[in-house]
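Below: one structure, written as structure tokens.
The values are calculated or read from the model by the stated rules, or taken from the named source; none is laboratory data. Here the structure is a predicted model, which means the values were calculated and not measured. Heads up, the Cβs are rebuilt from the backbone with ideal geometry, glycines too, and the neighbour counts pull from every protein chain shown.
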Amino acid sequence: MRAVPVVSSLRNVSPRKLEPIPYRPRQPLPSQLAQARERLARIEAGGSPSRPIDVESASQIEVRAESTPCLRCQGPNRVDEHAAEKLQGRALRVVRVHCHHCGARRVFYFRVSPAVAV
Ligand SMILES: [Zn+2]
């Protein structure tokens, strides 16, 4: 069996294509736009107790919350607290997160409903 010449294929790439992309720090959005995005997020699924995100299992909750980027800077969210609470007569999971980059806080509401899996 012959070895695949991986390294030699890189020699054919123009050195110009290998130049690093200049570093661009993540910039927070202008505050008016950020506030508008936060208002919109509050009326989307997961933004209020009356509109929770339905998940099949509690194990999906923190993964979903952390995979949703920050509304202000698109940075990664980190979970501060994951609590089971009874709000508006419903058993909900309330997940409080903060942005690892800009520190913006956000609250997600989830409802564990195994029936979603059917
Ligand atoms: Zn952020």
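Restricting to region 99-115, count the residues that are hydrophobic (A, V, I, L, M, F, W, C) and either in a loop (DSSP other than H, G, I, E, B) or in contact with a Ser or Thr (Cβ under 6 Å, 6 or more places away or on another chain) (or both). Residues flagged as hydrophobic (A, V, I, L, M, F, W, C) and either in a loop (DSSP other than H, G, I, E, B) or in contact with a Ser or Thr (Cβ under 6 Å, 6 or more places away or on another chain) (or both) within region 99-115 amount to 2. For region 56-76, the set of residues classified as hydrophobic (A, V, I, L, M, F, W, C) and within 13 Å of the ligand (Cβ to nearest atom) consists of 70, 71, 73, listed by residue number. If you filter region 87-116 down to residues that are closer than 18 Å to residue 47 by Cβ and within 8 Å of the ligand (Cβ to nearest atom), you find that the one that is farthest from the chain's Cα centre (by Cα) is 104. Within region 90-98, none of the residues are in a loop (DSSP other than H, G, I, E, B) and surrounded by fewer than 18 Cβ atoms within 10 Å (Cβ to Cβ).
Can you find even one residue in region 79-86 that is crowded, with 17+ Cβ neighbours inside 10 Å, closer than 22 Å to residue 26 by Cα, within 16 Å of the ligand (Cβ to nearest atom) and modelled with pLDDT of 95 or more? Scanning region 79-86 turns up no residue that is crowded, with 17+ Cβ neighbours inside 10 Å, closer than 22 Å to residue 26 by Cα, within 16 Å of the ligand (Cβ to nearest atom) and modelled with pLDDT of 95 or more.
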